[in-house]
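The values are calculated or read from the model by the stated rules, or taken from the named source; none is laboratory data. Here the structure is a predicted model, which means the values were calculated and not measured. Cβ sites come from the backbone with ideal geometry, for glycine too, and all protein chains shown count toward neighbours. SASA here: full protein model, heavy atoms, side chains in, ligands and nucleic acids out. Shrake-Rupley method; radii C 1.70, N 1.55, O 1.52, S 1.80 Å.
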Amino acid sequence: MKKNNLISIVVVLAMIAAASVWYGRNNGLLPIAAGDEATLYDGLFNTILAIAFAFFIIIEGFLIYSLIKFRKRKGDEADGPAIHENLSLEIVWTAIPTVIVMWVAIYSFDVYTAMQGSQNLDGMAHGGMHHAVAAADHNSHQQMPMAKATLASANSDGVLMAGTIPTGGEDVVAINVSAMQFAWIFNYPNEIATAELHVPVGKKVRLNMSAIDVIHAFWVPQLRIKQDVLPGRETFLEFTPRVVGEYPVVCAELCGSYHGGMRTTMIIDTPEDYEAWLREQQEVASKDTEAIVAARPTSQMTEQEYLAGKVATMVK
Amino acid sequence: MQGSIATSTTNLETASHEALHDAHTAHAEHPDLRVFGLIVFLISEGMLFFGLFAAYLTFRSVATAWPPEGTPELELLLPGINTIILVSSSFVIHQADSAIKENKVRAAQLWFLATFVMGAVFIAGQIYEYQHLEFGLTTNLFASTFYVLTGFHGLHVIIGLTLIAAVLVRSLKAGHYSNTSHFGIEAASVYWHFVDIVWIILFLLLYIL
Amino acid sequence: MTQTLTAPQSSSPASEPSKTPWWEFFTFSVDHKVIGIQYLVTSFTFYLIGGALASAVRVELATPDPDLVDPAFYNSLFTMHGTVMIFLWIVPAVTGGFGNYLVPLMIGARDMAFPRLNAIAFWLTIPAGLLLMSSFFVGPASTGWTAYPPLSILTDEHVGQAIWILSILLVGTSSILAAVNFIVTIWSMRMPEMDLFSMPLFCWAMMATSVLALLATPVLAGAMVLLGFDLLIGTNFFNPTGGGDPVVYQHLFWFYSHPAVYVMILPVFGIISEVLPPHSRKPIFGYKAIAYSSMMICALGLFVWAHHMFTSGTPDWLRVFFMVATLLVAVPTGIKVFSWVATLWGGKLRLESPLLFAMGFISTFLIGGLSGVMLGSAPIDIHVHDTYFVVAHFHYVLFGGSVFGIYAGLYHWFPKMTGRMLNEFWGKVHFVLTFIGMHLTFGPMHILGLQGMPRRVAQYDPQFAPINVICTIGAFVLAISTIPFLINAIYSWFKGDQAPDNPWDALTLEWTTASPPIPHNWVGDPVLATGPYDYGEDYRLARQQAIADSQPAV
Ligand code: HEA
Ligand code: HEA
Ligand code: CUA
Ligand SMILES: [Cu+2]
């Protein structure tokens, strides 16, 4: 290859790389990151986006260049050169994506485990429906993610379904979530049941979720986490809220006519506000268990009585 | 190109057009691919059962108790006999296949008749079993999977019986089957072997495991 | 001229037509070319229906409130839209339509291996489609094209859901029969001179497609049967209240429906590999790599299904396994994309409609593929699952991919199928409108999803309204874009310029017979004069010589 060519190729590649890195960091596509997991997520997202963007520029670049440079001129009835293959080129463009894809897989796996960091692969007993799985070695948490992977597969082999654990540690705020057509109910300790989710900033939160009727999904876009909520089985989510504010809780699984209306709010409180709110709710709860029906934003409620009945049985 | 010469070749074309739309001549054009086709199709059928088996195994592995508490024990004797009958019928029908390859039409007919009887006994046995089971289709998850799996298989046995009956009827026409032309016989026996293999897996899964 | 190839049979009646009579297209014809065109016309009709449903969806979404239709009916709209588009448009068009029309012609066969089975497979799709449409009178299915239980068991539209299941079973059966036919045909009916590696790449793609359809469709049928039992008889396979497990349905469904997306794209990959060489006057780059990559996609495609279930509560090891397998699909697909670009490189691009749509395909499918890789990463998917990011992804691959590829194929083979040329000017107008409309409709959906808009909702957060308006405008551009095509196609079919046998100077076998081919495909036996892709200046003389030699002396 001529030296000039080589230099220009290197320059172009460097420019593409720079543009991709820039775009990866400045894409502005995601809403604010309100939790620790969201920050991890954004790092991964931006990286993969940068890689995708680079491939995008390169291939679209080739297409547009060909469109202009190689279009048939008037009167030119000749054929192109009869090139059938080029083995080294083909090896290169098989190898590079393979390496990139494997790297993306490892990075994703890392983020995946980190996002669910404290999830111990202990065992489960959900609703009496499923077998418990043999206990895993607790010490494995400090090890390499890969080590954990083998461990995870070794222990959950017998179970094809959800890997869920209902228990949380001591310093974890555990909240029971139940989903129904078309509302969320959040159950705190001491009989508190609310329609809005309040969580204290900076503390690990654990949601133990189950559904009453059909499948729903709990999603807070600003936390970048989502989990289906299934009837007859418990699933869970863990996250650490970081930025005080109000965020939407969205149902992300088609659950019937008013699926689109099945929304509520998650409020990340300062620890003081959170305590105050808890106390307030405590009082409400001791007065009237059905009060939460009134507390819910009624815009989405269609069959008030039906729901109220459901809620009453929920809270017991 | 070739299209431009069409006018002068009317004869040839029409002759071949005929051939194309006439099943018998069309098959004469290329080797008989029907058995190959049947085997490819049976791979697909196999996947149907595979899917149902996989679902069954998943239900089973996820459930706390299997079969769910209160399900009456399955009787083993009758299905056991049934299994022996069905498995041996596979050997019987194989005899028919070998017989026709030696051009023994009469023998093939008899072997087919025997297979038909065995298959019919199997179905009768299954109906008897259904009638004496203490659970119904919707009793519980085990009962439902039991009926759907055996029912689906039973349906296939009935299709197999129909094929065998059709072959028997056709074989009454002298010279319909011979050592060179016996697709029907071959197809029916391939299909029968398939139904048999499915039953063996099914039996192991539902009754033994 | 002299015909010494075969002795003419004297017994044939002289009145037998050498051309397919028009009414045969409306009958139970066993001619693969007739069946292919029947499939194409039928499925395109369903495309218009599916598109009209999509337009209704978009109009509803122009405002954040559920104001045009009842939210329950909105659910029916997108359910029917997705079902029609996938099962009655793309799958029948690419396999039944192009596959039937082209495979026998490309391998030098007179017909498919089992012509009558072929006709049965086609005629199964008609009642399936009519049934599905009839459900509009009783309240159509409303639980998404995925029909997840327990919602689909507890649904109010019991009858509609049951009809839906029945339709899926019918089209499923049709697909299985077609797959059997293709596998046997491609494997056993090639002309003696043609080995596997001198087959056109479309045939490789059809082989891979058929293997997928053969293995995956019956599992869907199983799922549908169980779902039907739950819905109609009251068993509890997928209903947790009776001890069943809804996640098992998801596994069964996606075991089929992921491979189904490759059933919808692999034949289109094949079409692109056929369209690029003649229109860029270069051999396809890396024939073997493209052929093998189809098989790779087929094999990998069977083991990635759970990437649709990353949030379903599947255990970790399963998510990790499926994540790695999913990401690996980028490698064989990348091989294809790179090879296509290399095919174009240095060619003499004849920028007419077929090539424009083919290049448009590469550029938009690429975007959908790259967003697919992002979805393949489990943690990324957890945020965007069931959002408009996914909707954007699959319209880029399905509309920007499959539909663009179908158009490329239609422009390329229309002269062969009808004996008439399409109007080039209106073809270009069609392309430009489609290209713009496509990006306008589906591009902004990426942002919607990432920002937090879930899919399958009739009402949404007002902050998303402006972007939704852009999408709706784009959808209208798309609706309008079909008009020039429709008029062009219908007009040209009857009144267009007469097409020569080989208008593109292409080398695959279908171009060696008349346009449209005679019912028996070739006069005499087809002759394999050149390889399927021996384009290029260096071959020019040799090619002309070979073609001349292969002609019967005149
Ligand atoms: C034609 C149809 C089609 C095709 C071809 C694809 C192709 C791919 N799809 Fe897509 N997909 C759908 C149709 C399709 N999909 C549909 C309909 C749904 C939604 C169903 C529903 O829920 O309703 C869906 C959903 C879907 C999901 C689930 C999203 C969710 O619901 O949460 C995922 C996740 O992994 C995914 C991944 C992929 C991947 C990795 C590919 C890959 O095959 C893409 C490979 C291509 C490329 C990567 C581009 C070219 C390659 C290169 C240039 C090489 C270099 C690239 C890199 C190294 C990155 N798809
Ligand atoms: C090949 C498949 C395919 C194709 C081609 C399309 C084409 C289109 N799709 Fe579709 N889509 C799916 C497959 C496809 N879609 C699937 C599988 C789903 C998921 C369903 C589910 O969630 O269950 C989906 C879901 C889906 C949604 C999400 C709904 C939701 O989640 O709430 C939307 C929203 O905008 C949409 C829009 C469109 C549009 C505007 C087109 C346009 O490209 C259509 C353009 C064509 C026309 C408009 C027709 C031609 C014009 C006429 C006939 C003239 C008459 C027209 C008028 C009356 C205006 N589609
Ligand atoms: Cu609950 Cu959607
Ligand atoms: Cu998929």
Short to long, in 10 Å steps from zero, the percent of alpha-carbon pairs of region A:182-275 per bin is 16, 52, 28, 4
Per residue, the convex hull enclosing the Cα atoms of region B:95-209 spans a volume in Å³ of 93 Å³
For region C:214-268 the chymotrypsin sites (Phe, Trp or Tyr not before Pro) that pass both the DSSP coil test and the at-most-12 other-Cβ-within-10 Å test are none
Here the net charge surrounding B:Ser171, from other residues whose Cβ is less than 14 Å away from its Cβ (Lys, Arg +1; Asp, Glu -1), is +2
Asserting the computed 222 nm helical MRE of the protein assembly as shown (DSSP H runs at least 4 long, -39500 (n - 2.57) per run, divided by residue count, to nearest 500) equals -20000 deg cm²/dmol
Among B:Thr145, B:Val35, B:Phe91, the residue whose Cα sits farthest towards the positive end of the charge dipole of region B:32-208 (+1 at Cβ of Lys and Arg, -1 at Cβ of Asp and Glu, taken about the Cα centre) is B:Val35
The base-10 log of I(q)/I(0) that the Debye equation returns for region C:249-296 at q = 0.21, 0.29 Å⁻¹, one scatterer per C-alpha, is -0.76, -1.05
Mean separation of Cα contacts under 8 Å (at least 6 apart) over the residue count of chain C, i.e. the relative contact order in percent, is 17 percent
About its Cα centre, region C:38-190 carries a charge dipole, from +1 on Lys and Arg Cβ atoms and -1 on Asp and Glu Cβ atoms, whose size in debye to the nearest 20 is 860 debye
Under the rule rounded for a/c under 1.5, else prolate if a/b exceeds b/c, else oblate, using alpha carbon gyration tensor axes a ≥ b ≥ c, region C:261-383 is classed as prolate
If R0 = 22 Å, then B:Ile208 and B:Gln131, at their Cβ-Cβ distance, give a FRET efficiency to the nearest 0.05 of 0.45
With DSSP loop assignment and no more than 15 other C-beta atoms within 10 Å, the chymotrypsin sites (Phe, Trp or Tyr not before Pro) in region C:417-490 are none
Per 10 angstrom bin, beginning at 0 and ending with the bin that holds the maximum distance, the Cα pairs of region A:1-121 fall in percents of 10, 27, 30, 18, 10, 4, 1, 0
Charge tally for neighbours of C:Tyr533 with beta carbon under 10 Å away, counting Lys, Arg as +1 and Asp, Glu as -1, is -1
Listed by chain and number, the lysines with an alpha carbon less than 21 angstrom from that of B:Lys173, same-chain partners under 8 positions apart left out, are B:Lys101, B:Lys104
About its Cα centre, the protein assembly as shown carries a charge dipole, from +1 on Lys and Arg Cβ atoms and -1 on Asp and Glu Cβ atoms, whose size in debye to the nearest 20 is 2640 debye
From the cross-link list A:Lys226/A:Lys287; C:Lys288/C:Lys348; C:Lys33/C:Lys495; A:Lys3/A:Lys69; A:Lys72/C:Lys19, the entries with a Cα-Cα span beyond 29 Å are A:Lys226/A:Lys287; A:Lys72/C:Lys19
Note on region C:83-192: the mean projected area of its alpha-carbon convex hull, in nm², is 6.9 nm²
Taking a ≥ b ≥ c as the square roots of the eigenvalues of the Cα gyration tensor, with a/c under 1.5 meaning rounded and otherwise prolate when a/b exceeds b/c and oblate if not, the protein assembly as shown is oblate
Sparse-neighbourhood loop hits (trypsin sites (Lys or Arg not before Pro), region A:1-100; DSSP loop; Cβ within 10 Å at most 16 others) -> A:Lys2, A:Arg73, A:Lys74
Compactness check, chain B: C-alpha Rg relative to the 2.2 N^0.38 Å globular estimate gives 1.37
The B/C contact buries a total accessible area, at probe radius 1.4 Å and rounded to the nearest 100 Å², of 4600 Å²
Taking region B:104-146, the equivalent ellipsoid from its C-alpha gyration tensor has semi-axes in Å, biggest first, of 36, 10, 4
With +1 on the Cβ of every Lys and Arg and -1 on the Cβ of every Asp and Glu, the dipole magnitude of region C:22-549 about its Cα centre, in debye rounded to the nearest 20, is 680 debye
The alpha-carbon center of region C:240-293 and that of region B:114-162 are separated, in whole Å, by 37 Å
Inter-part gap, Cα centre of region A:20-95 to Cα centre of region C:461-514, in whole angstrom, is 27 Å
Expressed as a percent, the portion of alpha-carbon pairs in region C:22-549 spaced more than 33 Å apart is 38 percent
The answer for the net charge of residues other than B:Tyr128 whose Cβ lies under 15 angstrom from its Cβ, with Lys and Arg +1 and Asp and Glu -1, is -3
